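A.B. asks: Dropping the structure in here first, questions after.
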Amino acid sequence: MILLDGKKTSNDIKQEIAEKVAELKKHGKKTPHLAAVIVGSNGASVTYVNAKVKACEKVGFDSTLIQLPADVSEVELLKKIDALNNDDNIDGFIVQLPLPKHINEHKITLAINPAKDVDGFHPENLGRMVLDLPGFLPATPYGIVQLLDRYEIETSGKNCVVIGRSHIVGSPMSILMARNTKVGNCTVTLTHSRTKNLEEITRKADIIIVALGKTEFLTGDMVKEGVVVVDVGITRVEDASKKSGFRLLGDVNFEEVSKKASHITPVPGGVGPMTIASLLMNTLQAVDLK
Ligand code: NAD
């Protein structure tokens with residue numbers, strides 16, 4: 001079994017980006033600048049945003065963290081987005097999800113200038129992805145494609161099963177794996193909460209991408225020998241033995257599935273760091289778009 005090491009791969013990508021940024025600076029070009037907007041103080045969201053800002057610093061990007069109170073109005077948030085859209089110094093920005101219930105996430109996503117939408121959630125970028133046009137790919141699926149590419153996983157002609165149809169992971173992932181590209185050309189089955197006999201489908205899969213947010217959902221008896229497994233799930237579970245008071249669990253029963261898998265991502269240290277690496281790649285691309 002080979003571990004698909006997202007931490008190491010994302011560090012390799014960060015190193016490559018840092019070299020490109022140093023080159024830009026050497027030639028007097030603008031330093032890429034990513035802004036992150038966070039509303040409220042949800043523990044997991046704060047951790048993710050801080051990790052993104054730290055990653056910017058590591059590669060030499062400029063970064064701006066905009067923290068808004070949990071009760072900020074939708075109008076105020078839209079004003080902030082408008083300001084970022086019109087700020088030439090900002091190349092790309094993200095609004096960390098989820099947002100508080102009184103704010104309409106679709107409205108916020110639609111307000112972001114597609115040319116600065118480095119999370120790749122805007123309908124224009126999702127449409128570009130479907131049409132094979134250049135644009136920003138959604139950060140988590142893009143990170144998974146990068147990971148499979150760098151580990152030279154053969155995907156052409158393989159059966160790929162995606163579990164979960166969210167707009168940010170499962171659905172775009174299913175499209176990317178079916179595209180006529182190096183990582184792609186799979187026969188894809190997108191499964192969800194209404195899928196019947198899921199284990200019959202997963203047992204036929206060569207590649208399984210699991211993104212449903214249910215801890216240790218994919219078990220050893222649901223997969224065949226030699227399967228490639230990508231675990232997107234991140235759930236905090238209480239653990240008094242940890243300093244933080246919690247540990248992170250994925251959607252895959254690692255202990256069981258790793259015994260049969262040819263390749264598998266760990267949690268933590270798999271997809272999470274790759275999502276951040278993709279965000280940095282998209283931000284670098286945003287500079288070129290200007
Ligand atoms: P979501 O919560 O928006 O949607 C879950 C999906 O799972 C739904 O489409 C639902 O139909 C499907 N589902 C639920 N029960 C199912 C079942 N029994 N069988 C098959 N499908 C079922 O999902 P999300 O936002 O994609 O998040 C999924 C997980 O991935 C969460 O743990 C989240 O924290 C994690 N996540 C991680 C990263 C990362 O960078 N590693 C990024 C995004 C999300």
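The values are calculated or read from the model by the stated rules, or taken from the named source; none is laboratory data. Since the structure is predicted, the reported quantities are computational estimates derived from the model, not experimental observations. For neighbour counting, all protein chains shown are included, and Cβ atoms are generated from backbone atoms with ideal geometry for every residue, glycine included. Accessible surface areas use protein heavy atoms only, side chains included; no ligands, DNA or RNA. Shrake-Rupley method; radii C 1.70, N 1.55, O 1.52, S 1.80 Å.
A.B. asks: Go over the candidates Thr235, Thr219 one by one and state the one that is more than 11 Å from the ligand (Cβ to nearest atom), in contact with a strand residue (DSSP E or B) (Cβ under 9 Å, 6 or more places away or on another chain) and either modelled with pLDDT of 95 or more or over 23 Å from Ile2 (Cα atoms) (or both). Don't jump to the end; show me each part of the working.
C.D. replies: Working: Thr235 fails: more than 11 Å from the ligand (Cβ to nearest atom).
One residue alone meets the criteria, Thr219.
Let's see how each residue does on (1) within 10 Å of the ligand (Cβ to nearest atom); (2) modelled with pLDDT under 95; (3) of a type in the set (Val, Ile, Thr); (4) not assigned by TED's automatic domain parsing to the domain that holds Lys214:
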{"position": "Val252", "(1), (2), (3), (4)": "no, no, yes, no"}
{"position": "Val257", "(1), (2), (3), (4)": "no, no, yes, no"}
{"position": "Ile264", "(1), (2), (3), (4)": "no, no, yes, no"}
{"position": "Pro268", "(1), (2), (3), (4)": "yes, no, no, no"}
{"position": "Ser278", "(1), (2), (3), (4)": "yes, no, no, yes"}
{"position": "Asp288", "(1), (2), (3), (4)": "no, yes, no, yes"}
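A.B. asks: Another question about this same structure. Can you pull out the residues in the range 45-90 that are in a helix (DSSP H, G or I) and open to solvent by 60 Å² or more (accessible area, probe 1.4 Å)?
C.D. replies: Filtering the range 45-90 for residues in a helix (DSSP H, G or I) gives 45-59, 74-85.
Those that are in a helix (DSSP H, G or I) and open to solvent by 60 Å² or more (accessible area, probe 1.4 Å): Thr47, Tyr48, Asn50, Lys54, Glu57, Lys58, Val75, Glu76, Lys79, Lys80, Asp82.
A.B. asks: While we're on this one: Somewhere in the range 110-131, is a residue assigned to a loop (DSSP other than H, G, I, E, B), at pLDDT 95 or above, farther than 23 Å from Gly40 by Cβ and open to solvent by 80 Å² or more (accessible area, probe 1.4 Å)?
C.D. replies: Taking every residue of the range 110-131 in turn, at least one turns out to be assigned to a loop (DSSP other than H, G, I, E, B), at pLDDT 95 or above, farther than 23 Å from Gly40 by Cβ and open to solvent by 80 Å² or more (accessible area, probe 1.4 Å).
A.B. asks: Then there's this: May I ask you to list the residues in the range 221-239 that are of a type outside the set (A, V, I, L, M) and open to solvent by 10 Å² or more (accessible area, probe 1.4 Å)?
C.D. replies: Asp221, Lys224, Glu225, Gly226, Thr235, Arg236, Glu238, Asp239 - these are the residues of the range 221-239 that are of a type outside the set (A, V, I, L, M) and open to solvent by 10 Å² or more (accessible area, probe 1.4 Å).
A.B. asks: How do the pairs read when you match residues in the range 148-171 that are among the β-branched types (Val, Ile, Thr) with residues anywhere that are more than 6 Å from the ligand (Cβ to nearest atom) and open to solvent by 60 Å² or more (accessible area, probe 1.4 Å), using Cβ under 6 Å and keeping only pairs 6 or more apart or on different chains?
C.D. replies: Note: pairs meeting the criteria are Val162/Leu190.
A.B. asks: List the pairs whose first member sits in the range 233-244 and is without any contact (Cβ under 8 Å) to a residue 12 or more places away in the chain, whose second member is part of a strand (DSSP E or B) and away from the ligand (no atom under 11 Å from the Cβ), and whose Cβ atoms are under 6 Å apart, counting only residues at least 6 apart or on separate chains?
C.D. replies: Cβ pairs passing all conditions: Glu238/Phe246; Asp239/Phe246; Asp239/Arg247.
A.B. asks: How many of the residues in the range 240-271 are open to solvent by less than 30 Å² (accessible area, probe 1.4 Å) and out of contact with any strand residue (DSSP E or B) (no Cβ under 7 Å at 6 or more places or on another chain)?
C.D. replies: 1
A.B. asks: Quick one: in the range 201-219, of everything that is over 22 Å from Thr235 (Cα atoms) and open to solvent by 20 Å² or more (accessible area, probe 1.4 Å), which residue is nearest to the chain's Cα centre (by Cα)?
C.D. replies: Ranking the candidates gives Asp206 first.
A.B. asks: For the range 177-200, what are the residues that are open to solvent by less than 50 Å² (accessible area, probe 1.4 Å) and within 14 Å of the ligand (Cβ to nearest atom)?
C.D. replies: Within the range 177-200, Thr191, Thr195, Leu198 meet the criteria.
A.B. asks: Quick check on this structure: which one of Glu154, Glu105 is at pLDDT 95 or above, open to solvent by 30 Å² or more (accessible area, probe 1.4 Å) and within 30 Å of Gly226 (Cβ to Cβ)?
C.D. replies: Numbers: Glu105 fails: within 30 Å of Gly226 (Cβ to Cβ).
Exactly one residue qualifies, and that residue is Glu154.
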